[in-house]
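Inspection log for the structure reproduced underneath, given as structure tokens.
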Amino acid sequence: MSKNKHTLFSELVKPHLTSLFSTALRMTHHKGDAEDLVQDTLFKAYRALDQFQENTNFRAWIFRIMVNTFITGYRKAVKQPQKISYDDMEEFFLFKRLDENKELQETSKEEFLDTFFDDDIKEALENLPYQFRLVVLLCDVEGFSYNEIASVIDAPLGTVMSRLYRGRKLLQRNLWAYAKTRGYITDVTVARQS
Amino acid sequence: MSRSHASHKKFNCADVEKLAQRYIDNQLDEEEKRLFDEHLEYCLPCDKKIQFEFKLKEIVKSKAREPLSNNYSSEKIKSFLENLH
Ligand SMILES: [Zn+2]
């Protein structure tokens, strides 16, 4: 049972190309950079294939290579959001804001979430500092477990959790800001009643 | 054999708030999950908040993903893969 290295690598990597590209795009913000990041990752992974132990987690292994490649080569080019304030970091932030709103008291808060466009969600993610964005992407979009994420980003479990929860809260805060500025929610109801 | 004290424990709303994210991600241990579910059964406000968090996670997953099919990036990456040596 000897397959050549190239065939083996192709078979291992093909199921993950969409995930790698999608994550790369959310991290770099640009298609061209995302293509380059994925290609650099494939190149490094191929060269290092001997170090991958068969029947272990290939998906986590190659994501780890991509994260390292991003941090060493691409991070500096990525615009970080300017000052982030960590006020308003309460749990269930978005639910609570929607719940307080007069317009929405009779409607389901869950249904309101369908108001957001794909681009709102992408923008809310892309405006997170990259450390938080990465962990949210790995957990919510790619479905990695906390332990897998710890190995992908090479950080302790506690760091994974604090970045994930903080990232989600910032994401909710972004969505709340878009809901107000993009007219998904207005205060006109109050005015109309008078 | 006496029953463990843990079986009499109950979660309140503050416990639920504290463990909400781990619950959403299915990272609670069996006992925590049982107590969490038990609280949601009789506390509608907490249940609504948790359902909301689940839905938001689902929406992030479905809307943030970029399909890699039949486009230029896909061709480029696949041909790069074919030509690795
Ligand atoms: Zn409760």
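No lab work stands behind these numbers, since they all come straight from the coordinates. Please read all numbers here as calculations on a predicted model, not as lab measurements. As a convention, Cβ positions derive from the backbone with ideal geometry for all residues, glycine included, and neighbour counts pool all protein chains shown.
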**Request:** Taking the Cα centre of chain A as origin, sum charge times position over the Cβ atoms of Lys and Arg (+1) and Asp and Glu (-1), and report the length of that vector in debye to the nearest 20.
**Result:** 640 debye
**Asked** For the protein assembly as shown, what class follows from the C-alpha gyration tensor (a ≥ b ≥ c being the square roots of its eigenvalues): rounded when a/c is under 1.5, otherwise prolate if a/b is larger than b/c, else oblate?
**Response** oblate
**Request:** Would you mind giving the mean number of other chain beta-carbons within 10 Å of the Cβ of each residue in B:49-58, as a whole number?
**Result:** 6
**Item:** Average partner coverage of A:136-146, which counts Cβ from other chains inside 10 Å
**Value:** 4
**Request:** Can you put A:Thr186, A:Thr56, A:Thr41 in order of Cβ neighbours within 10 angstrom, beginning with the fewest?
**Result:** A:Thr56, A:Thr186, A:Thr41
**Asked** With springs only between Cα atoms under 10 Å, which of A:Lys102, A:Lys169, A:Lys44 fluctuates most in a Gaussian network model of chain A?
**Response** A:Lys102
**Prompt:** For chain A, what is the calculated [θ] at 222 nm in deg cm²/dmol (nearest 500), taking -39500 (n - 2.57) for each run of four or more DSSP H residues and dividing by its residue count?
**Reply:** -18000 deg cm²/dmol
**Request:** Name the most mobile residue of A:Asn147, A:Asn127, A:Asn55, meaning the one with the largest mean-square fluctuation, in a Gaussian network model of chain A with Cα contacts below 10 Å.
**Result:** A:Asn55
**Prompt:** How big is the range A:86-193 in terms of Cα radius of gyration and Dmax, in angstroms?
**Reply:** 15.8, 55
**Prompt:** At a Förster distance of 51 Å, what's the computed FRET efficiency of A:Phe52 paired with A:Thr186, Cβ-Cβ distance as r, to 0.05?
**Reply:** 0.40
**Request:** Among A:Lys109, B:Lys10, rank each residue by its count of other Cβ atoms within 10 Å, from fewest to most, as a rough exposure measure.
**Result:** B:Lys10, A:Lys109
**Item:** Positive-end extreme of charge dipole, the protein assembly as shown - chosen from B:Cys46, A:Leu17, A:His29 (charges on Cβ)
**Value:** A:His29
**Prompt:** How far is helix A:17-28 tilted off the main Cα axis of chain A, in degrees rounded to 10, range 0 to 90?
**Reply:** 60 degrees
**Request:** Rank B:Glu17, B:Glu58, B:Glu66 by mean-square fluctuation in a GNM of chain B with C-alpha springs under 10 angstrom and give only the top-ranked residue.
**Result:** B:Glu66
**Request:** Could you pull the Rg and Dmax for the range A:1-106, using just the Cα atoms, both in Å?
**Result:** 20.1, 67
